Amino acid sequence: MASSQLLILLSLLMLLLLAFPSITAAEQEKKIDVVVEGVVYCQSCEQTGTWSLSGAKPIPAAKVSVVCKNHQDQVSYYKVFETDGNGYFYAQLKGFKMSQCLLEHPLQACHVKSVSSPLQNCNLLTNVNYGLYGFSLRYETKKLLGSNYEAVIYAAGPLAFRPDHCPLPSHV
């Protein structure tokens with residue numbers, strides 16, 4: 001009895017999908033992109049050895065990488081992005097595929113790392129916000145919506161480099 005009712009219900013659902021293909025087409029055509037944004041700074045000498053960015057200046061043309069790993073800890077996405085004139089990066093992860101596995105969600109699977117600074121006087125990597133090992137993404141409820149487009153924007157950083165001429169603090 002229950003199996004025949006289930007069969008009838010499934011048949012009705014199939015008929016609805018055939019009669020109204022636009023119901024499923026709209027869902028299938030909507031593109032969801034993952035975007036990561038952040039800023040890269042040059043940390044002031046006064047803050048060397050700390051995570052403080054007080055007095056820091058943005059670095060134009062700095063490079064950061066976005067690395068995502070799958071549930072088997074294999075790299076599934078890697079790309080280097082460059083900051084704009086204000087030290088800001090907007091990394092659209094083209095080609096990144098979100099799976100149904102929770103471990104492959106961008107909040108779990110992706111990290112942003114500092115790569116390089118074009119400034120000769122500020123090009124030493126720091127671990128501010130885990131820039132050396134990879135900053136985990138933060139979800140800040142930002143989305144861009146279009147008719148067939150949705151971008152979920154995650155934040156990373158801020159990340160920093162430091163000058164090579166700064167004396168190391170005595171507590172390090």
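Restrict the check to segment 123-133 and report whether at least one residue is of a type in the set (F, W, Y) and under 19 Å from V39 (Cα atoms).
Of segment 123-133, the ones of a type in the set (F, W, Y) are 130, 133.
From what's left, under 19 Å from V39 (Cα atoms): 130, 133.
The answer is yes; a qualifying residue exists.
Hey, can you tell me all the residues within segment 113-156 that are charged (D, E, K, R) and in contact with a helix residue (DSSP H, G or I) (Cβ under 9 Å, 6 or more places away or on another chain)? Show your work before the answer.
Quick first cut of segment 113-156, residues charged (D, E, K, R) only: 113, 138, 140, 142-143, 150.
Selection gives K113, R138.
What number of residues in segment 141-156 are of a type in the set (D, E) and open to solvent by 80 Å² or more (accessible area, probe 1.4 Å)?
Step one: filter segment 141-156 for residues of a type in the set (D, E), giving 150.
Narrowing further to those that are open to solvent by 80 Å² or more (accessible area, probe 1.4 Å): none.
Looking only at that region, the number is 0.
The values are calculated or read from the model by the stated rules, or taken from the named source; none is laboratory data. Quick caveat: nothing in here was measured; it's all calculated off a predicted structure. So basically every Cβ, Gly included, is an ideal-geometry build from the backbone, and we count neighbours across all protein chains shown. Heads up: the accessible areas ignore ligands, DNA and RNA and are worked out on the full protein's heavy atoms, side chains in. Shrake-Rupley method; radii C 1.70, N 1.55, O 1.52, S 1.80 Å.
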